[in-house]
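Quick notes on the structure that follows.
Where a number appears in this text, it was derived from the coordinates with a stated rule and is not lab data. A quick note: this is a predicted structure, and the numbers were derived from the prediction, not measured. Cβ sites come from the backbone with ideal geometry, for glycine too, and all protein chains shown count toward neighbours.
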Ligand SMILES: [Zn+2]
């Protein structure tokens, strides 16, 4: 599948990750599954933030409440890999829920896109093509 993101949002994610290169940054993604229309940085509350991320539950709950009230749809989240590896880590696979959420991973100044599979280990992460749009027509 293809996920569209504007150049501005893409560059913002790369900048956020570069600003704290020693720990994983993370946040929420809004939009539709095929198009990311917004990002919201959140605190990484993981105990080992160099190699793991855990989005501040308060931020997640607030976003889901806002969505239910008619706000932006939460379609997934992003996080960075300070080690520069673009693939989902073993820790990511452990915490990924099936169900089609979009995962963006920022590593080495690039962003890769994944979608969680519907079941099982073998399709836990399905690679997606991240299409960067120069003009934001969203
Ligand atoms: Zn990861």
Original post:
If we sort 40-50, 5-15 on the protection proxy, mean other Cβ atoms within 10 Å, highest first, what's the order?
Top reply: 5-15, 40-50
Original post:
Among 58, 128, 69, which one moves the most in a GNM of the chain with springs linking Cα atoms closer than 10 Å?
Top reply: 69
**OP:** Just report the Cα centroid separation between segment 85-106 and segment 5-44, whole Å.
**Re:** 15 Å
Original post:
Label residue 118 and residue 58 with points 7 Å out from Cα along Cα→Cβ: what is the distance between them in nm?
Top reply: 3.9 nm
Original post:
When the helix-only estimate is applied to the chain (DSSP H runs of n ≥ 4, each -39,500 (n - 2.57), divided by the residue count), what is the mean residue ellipticity at 222 nm, nearest 500 deg cm²/dmol?
Top reply: -6500 deg cm²/dmol
**OP:** Could you work out the relative contact order of segment 51-113, using alpha carbon pairs under 8 angstrom and six or more residues apart, expressed as a whole percent?
**Re:** 33 percent
Original post:
Based on the alpha carbon coordinates of the chain, what radius of gyration and maximum Cα-Cα distance (Dmax) apply, in Å?
Top reply: 13.9, 39
Subject >> Percent RCO, i.e. relative contact order, over the chain, from Cα pairs under 8 Å lying at least 6 residues apart >> reply: 28 percent
Subject >> Cα-based Rg / Dmax (Å) for segment 3-51 >> reply: 11.8, 32
**OP:** Using per-residue counts of other Cβ atoms within 10 Å, averaged over each peptide, order 94-100, 31-37 from highest down.
**Re:** 31-37, 94-100
Subject >> Computed E for residue 73/residue 93 - FRET, C-beta separation, R0 30 angstrom, nearest 0.05 >> reply: 0.75
